[in-house]
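J.: Input: one structure, supplied below.
The values are calculated or read from the model by the stated rules, or taken from the named source; none is laboratory data. Computed from a predicted model, the values in this text were never measured in an experiment. No Cβ is skipped: glycine too gets one built from the backbone with ideal geometry, and neighbour counts run over all protein chains shown. Just the protein is used for accessible areas: all its heavy atoms, side chains included, with ligands, DNA and RNA removed. Shrake-Rupley method; radii C 1.70, N 1.55, O 1.52, S 1.80 Å.
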Amino acid sequence: MPAGVVDAAAKGVRLERHAAGAAVLLRRASGAKQLVSASSHLLFRATVLATLALVILFTVHYPSLLSRSLSLSAAPLSGSSSSSSAARSRSSHRSLLGSRASYGGAAWEREVRRGATPRRDGGLSVLVTGAAGFVGAHCSLALRGRGDGVLGLDNFNSYYDPALKRARQRLLASRGVVVLDADINDAALLERLFAAAPFTHVLHLAAQAGVRYAMRAPQTYVASNVAGLVSLFEVAAKHADPQPAIVWASSSSVYGLNTEAPFSEEHRTDRPASLYAATKKAGEAIAHAYNHIYGLSITGLRFFTVYGPWGRPDMAYFSFARSIVAGEPITLFRAADGADARRDFTYIDDVVKGCLGALDTAGRSTGSKSGKKLGPAPLRVYNLGNTSPVPVTRMVAILEKLLGKKANKRVVTMPSNGDVPFTHANVTHAARDFGYRPATSLEAGLRHFVDWFVQYYKLDIKGSNVLAGKTTKRKSMAISAAS
């Protein structure tokens, strides 16, 4: 065979060997690449699973890392919003109940049940709406103090300074009462609450208050006082098992243009003088319907000008005290006939006793989730007042004496903005059915208010009776600013 042919053949063999070797290397490289790719996928999946596991753990054990929530620690009470913010930032313990993002889950349900569980035999389990409000905070503390289970709910709206509501919330937290930051129109949340805890009672105090404000923001009154009430009744009637007994805040404003005195539950209430009064009257009619159809036990309480420590800044006694201290003028109303406006001022401690008496005597609801009603259920309405109207000018004179400073008074004729010339409660029915007997004079009640007012706002009122050591001590100072 010629040499050239041999050389070509040899070269061909060598090329084939190289090609085969290259193919082997390529297969090995491809296998390695696939192995790396598979390993990457496994690592990615493991990372995702680990991240999800950490999120779940943080949600269960450290919800404050994921969302804003309420502090259960007792912070110093102060009138300034900056100190409130500082106190909240210093808190290290957060509640699972505080953030709307954390509602639901086993841990959340355990905290709901823990708050709602009574600490005494035969105790009530009460859901208190508007718990960070004036009457709500006092009632929540009184219920907790006697061993009942209490869980609060409040939306902390800005009708008046929310810092005061947050201060009440911190006080409640220091006594073991948790207040959820939530709204009564959140039906899904209410359903979860009733599913988590078998509340025996609801004390429904959440509402849009104020007579004159209704002229500026009418829809807020419909949303809270009508739609909110329906939301609560719907869930209690159709989702709670067993159905709770409900005690709710109506108002003495329902008497409207009534001229008979003292105001009795038998008097007509079909002439409201304000939209606020109309929404409360609508609430009483709605209560009748839910009682009749679904067997809900419902008690309405008509409050008469409640006042005292931790009160509402929009109320006359509170705003007058602030204006007197600041040297600002106050406006007093007179009726068209020249008579001073008069109010049946009712001290908060007396109102709390009435609320608890109504809860204790509320009969059971007779309906069920299935819609079957076993029989008639209680439907009641009571006045809670002091039974002794006082001219507003007299209230101002007492404040002047306690604050050690004269008011700069401006007297005008009462405008047609929803106010009425006088209120006067007949409490015969409440006295008969649960022993309601108001016992606090306006002088004593305003002294307790001014004691708190001076401490809370850290005022230095030299020469006044407050700082002269003439303050009176009372047994029920559980809600004092000094505590």
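J.: Among the residues of the range 408-418, is any open to solvent by 20 Å² or more (accessible area, probe 1.4 Å), closer than 23 Å to F453 by Cα and in contact (Cβ under 8 Å) with a residue 24 or more places away in the chain?
T.: Scanning the range 408-418, I find at least one residue that is open to solvent by 20 Å² or more (accessible area, probe 1.4 Å), closer than 23 Å to F453 by Cα and in contact (Cβ under 8 Å) with a residue 24 or more places away in the chain, so the answer is yes.
J.: Among the residues of the range 89-99, is any modelled with pLDDT of 95 or more, part of a helix (DSSP H, G or I) and under 18 Å from S174 (Cβ atoms)?
T.: no
J.: Would you check if there is a residue in the range 101-113 being under 28 Å from T346 (Cβ atoms), touching a residue at least 40 places away in the same chain (Cβ under 8 Å), open to solvent by 30 Å² or more (accessible area, probe 1.4 Å) and part of a helix (DSSP H, G or I)?
T.: No, the range 101-113 has no match at all.
J.: Report, by residue number, each residue of the range 421-445 that is more than 15 Å from T331 (Cα to Cα), assigned to a loop (DSSP other than H, G, I, E, B) and open to solvent by 30 Å² or more (accessible area, probe 1.4 Å).
T.: H424, N426, G435, R437, P438, A439, S441
J.: Another question, then. Name the residue, out of L164, L127, L172, L141, that is crowded, with 20+ Cβ neighbours inside 10 Å and outside any helix (DSSP H, G or I).
T.: When all the criteria are applied, what remains is L127.
J.: Another one. Could you run through the range 379-396 and say how many residues are open to solvent by less than 40 Å² (accessible area, probe 1.4 Å) and not in a strand (DSSP E or B)?
T.: Qualifying residue count for the region: 6.
J.: Next question. Suppose the filter is in contact with a Lys or Arg (Cβ under 8 Å, 6 or more places away or on another chain) and open to solvent by less than 40 Å² (accessible area, probe 1.4 Å); does G152 pass it?
T.: Spelling it out, it is not the case that G152 is in contact with a Lys or Arg (Cβ under 8 Å, 6 or more places away or on another chain) and open to solvent by less than 40 Å² (accessible area, probe 1.4 Å).
J.: Now for a different question. Does R343 meet the test of being crowded, with 22+ Cβ neighbours inside 10 Å and either among the small types (G, A, S) or under 30 Å from S140 (Cα atoms) (or both)?
T.: yes
J.: Listed residues R302, R271, R312; which is touching a residue at least 40 places away in the same chain (Cβ under 8 Å), open to solvent by 40 Å² or more (accessible area, probe 1.4 Å), within 27 Å of L332 (Cβ to Cβ) and of a type in the set (K, R)?
T.: It is R312.
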